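The next block holds one structure in the form of structure tokens; read it before the comments.
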Amino acid sequence: MIKLQINADIKKGVINRNIYGHFSEHLGRCIYEGIWVGKDSPVPNTDGIRNDVIEALKKLKIPVLRWPGGCFADEYHWKDGIGPAESRPKMVNTHWGGVVEDNSFGTHEFFRLCELTGAEPYINGNVGSGTVHEMQEWIEYMTFDGLSPMSNQRKQNGREKPWKLKYFCIGNENWGCGGNMRPEYYADEFRRYATYVRNFGDNKVFKIACGPNDHNYDWTEVLMREAGKNMDGLSLHYYTLPTKNWADKGSSTEFDETYWFKTLKNTLYMEELVTKHSTIMDRYDPEKRVALLVDEWGTWYNVEPGTNPGFLFQQNTLRDALVAGINLNIFNNHCDRVRMTNIAQIVNVLQSVILTEGSKMLLTPTYHVFDMYQAHMDAELLHTAFDAPGYTFDSDSIPAISASASIDSNHKIHISLCNLKPDSSADISFELRGADCSRVSGSVLSSSAMNAHNTFEAPENVKPAAIKEMSVKNGKFELKLQPMSVTVLTLE
Ligand code: AHR
């Protein structure tokens, strides 16, 4: 029996709702087809944006949405995406499949998507192939209320009042697709560009610097040393690949326990990354003013057979649900420094929460995990103590259980638990200290197959099931976690 103690009297900071953020990129069928179908489409839409996707995202209460990339961001010239759609230039999306980008989805359409879904916009600017002037003008176009060439142009394009824009990142992966820069060079570029990202009126921009790729600790060190005082946030990108082999990452649906284990092990590495990058940041910023934003994360497998390799389209199974649950527990437990994360990408790409095919849409197992974990958004992290048993496979071992707990403003306590073992359940005895609760309810996401997934023929193959309500006596109760499952409990 595993003992899990929840210390409701030891609060460890607020779990920023933006930890449950998303990422939309002009990549494959994410924006076009997945989100934007155009106003004349037979697919029911609002101002060109799919109604089914809007509804699904509203239900998820997505707090923040990053756009337009990714690598695409450092090739994106925002002026191509404003004005009458028929006069917007068509260009080639060189990064992603070499397809035509007709720019029909641009700044106005992105803000409309955010309005319709309730998400806070997070825009990624172009440093790699852009200019300071271009970035300066974009900020002015979006946020300036006075008289200026950019605000006039915005008005001519149908938007009288400026939008509110808080989150803005200055470049993407500038150590790679964003210009192959050295950290010293990018730190100076960041300082220069950030100077001209102005605050107009009461719009205050939260300036984010391009951060490291997985364990590039030198990048974090240099950025914090040279530009820590100029930034509000530093991004981190880390993808879970089952293997370290980019040429053959493994299938999203056809895998055995070897790949299951490796995927979860590589997911748990996020704990080390966040801890070590935070430790470096602590040296330069002990007050933790600068946020760490994991603004790209999730699984990355081989593309689905027969699909465009540049579209990065993959299916999503119960394994992805576990990856989501583990990562979100890690982020919750590091909420003192991690204040936003954005899973890649929201529709039809890597670890997507939604897949579409023509007018059909399905919710992936990852969607259901985000739905179940909603309870943690803006709640206060609670201290938990437990000795996770090991999950040993092929003479390697990882913790078998991942957990986090929080208390919300209605004094309800939420505990999220992942059982990583595919073939054995886990008996847990819970002990709640520092709060009074009398009953437990909850839901579980699991299946009998580790590659279980939803298809357009069987869209509800994997979905959460309610847990039979239990009573709590003297702060204690017991529960058997199903094998390979994600469980979220509410104590009240
Ligand atoms: O998510 C796909 C790509 O991965 C993004 O465009 C880029 O930022 C990262 O390398």
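The values are calculated or read from the model by the stated rules, or taken from the named source; none is laboratory data. For clarity, every value in this text was computed on a predicted model and none was experimentally measured. All Cβ positions, even for glycine, are placed from backbone atoms using ideal geometry, and neighbour counts span all protein chains on display. Areas reflect the complete protein model, heavy atoms only, side chains present, ligands, DNA and RNA absent. Shrake-Rupley method; radii C 1.70, N 1.55, O 1.52, S 1.80 Å.
A simple count of charges around residue 251, restricted to other residues whose Cβ falls under 12 Å of its Cβ and scoring Lys, Arg +1 and Asp, Glu -1, yields -2. Close amide-amide hydrogen proximity is noted between residue 99 and 93, each under 5 Å apart and 5 or more residues distant or on a separate chain (H modeled in the peptide plane; Pro and chain starts excluded). Listed by chain and number, the lysines whose alpha-carbon sits under 22 Å from that of residue 265, ignoring those within fewer than 8 places in the same chain, are 244, 249, 276, 421. Extension gain, residue 473 to residue 304, is 55.9 nm, computed as 0.36 nm per intervening residue step minus the present C-alpha separation. Taking the Kirkwood radius as Rh and the Cα radius of gyration as Rg, the stretch 127-211 has a ratio of Rg/Rh equal to 1.03. Cross-link partners of residue 155 among lysines, defined as those whose alpha carbon lies under 22 angstrom from its own and excluding same-chain residues fewer than eight positions apart: 39, 79, 164, 166, 204.
Extension gain, residue 336-residue 204: 0.36 nm per intervening residue step, less the Cα-Cα distance, totals 45.3 nm. Taking all protein chains as they are arranged and a probe of 1.4 Å, the heavy atoms of residue 210 leave approximately 0 Å² accessible to solvent.
Volume of the convex hull of the stretch 247-386 (Cα atoms only), normalised per residue: 147 Å³. Applying the Karplus relation 6.51 cos²θ - 1.76 cosθ + 1.60 with θ = phi - 60° to the stretch 196-202 yields 3J(HN,Hα) values of 9, 8, 8, 9, 9, x, 9 Hz, where x marks Gly and Pro. Working note: Karplus 6.51/-1.76/1.60 with θ = phi - 60° gives the stretch 116-122 the couplings 6, 9, x, 7, 7, x, 10 Hz, where Gly and Pro are set to x. Heavy-atom accessible surface of residue 49, to the nearest 10 Å², is about 0 Å², with a 1.4 Å probe and all protein chains retained. Computed over Cα pairs, the Kirkwood radius of the chain leads via Stokes-Einstein (0.692 mPa s, 37 °C) to a diffusion coefficient of 142 µm² per second. When you work out D = kT/(6 pi eta Rh) for the stretch 163-247 at 37 °C and 0.692 mPa s, using the Kirkwood radius from C-alpha pairs as Rh and the Stokes-Einstein form, the result is 239 µm²/s.
I'd like the distance separating the alpha-carbon centroids of the stretch 235-292 and the stretch 1-63, in whole Å. The stretch 235-292 and the stretch 1-63 have Cα centres spaced 21 Å from each other. The fraction of accessible area contributed by carbon and sulfur in the stretch 282-415 is 50 percent, rounded to a whole number (1.4 Å probe; ligands and nucleic acids excluded). Average accessible surface for the chain: 38 Å² per residue, computed with a 1.4 Å probe over protein heavy atoms with every protein chain in place.
Remark on residue 442: its backbone amide H falls under 5 Å from those of 467, 490, a criterion applied only to residues 5 or more positions apart or on other chains, H modelled at 1.01 Å from N. Sorted largest first by accessible area at a 1.4 angstrom probe radius, with every protein chain in place, the residues 436, 394 fall in the order 436, 394. Between residue 153 and residue 215, the C-beta separation translates, for a Förster distance of 30 Å, into a calculated FRET efficiency of about 0.10. Spin-label model, residue 244 to residue 438: label points 7 Å out along the Cα-to-beta-carbon direction sit 5.6 nm apart. Across the alpha-carbon set of the stretch 39-182, the Rg to Rh ratio works out to 0.96, Rh being the Kirkwood radius. Backbone amide hydrogens, once placed in the peptide plane, bring residue 124 within less than 5 Å of 67, 69, 169, excluding anything fewer than 5 places away on its chain. Applying a 4.7 Å Cβ-Cβ cutoff to the chain leaves 30, 114, 169, 210, 335, 418, 437 as cysteine residues with no disulfide-compatible partner.
Per-residue ellipticity at 222 nm from helix content only, as computed over the chain with -39500 (n - 2.57) for each DSSP H run of at least four residues, stands at -7500 deg cm²/dmol. Under the combined filter of DSSP loop state and at most 12 neighbouring Cβ atoms within 10 Å, the stretch 204-263 retains these trypsin sites (Lys or Arg not before Pro): 244. Centre-to-centre separation between the Cα atoms of the stretch 120-180 and those of the stretch 294-352: 27 Å.
Computed from backbone phi, the HN-Hα couplings of the stretch 414-430 come to 10, 10, 10, 9, 10, 9, 7, 6, x, 10, 9, 6, 9, 8, 10, 10, 9 Hz, rounded to whole numbers (Karplus: 6.51 cos²θ - 1.76 cosθ + 1.60, θ = phi - 60°; Gly and Pro given as x). Using a probe of 1.4 Å on the protein chains alone, the accessible area found for residue 470 is around 50 Å².
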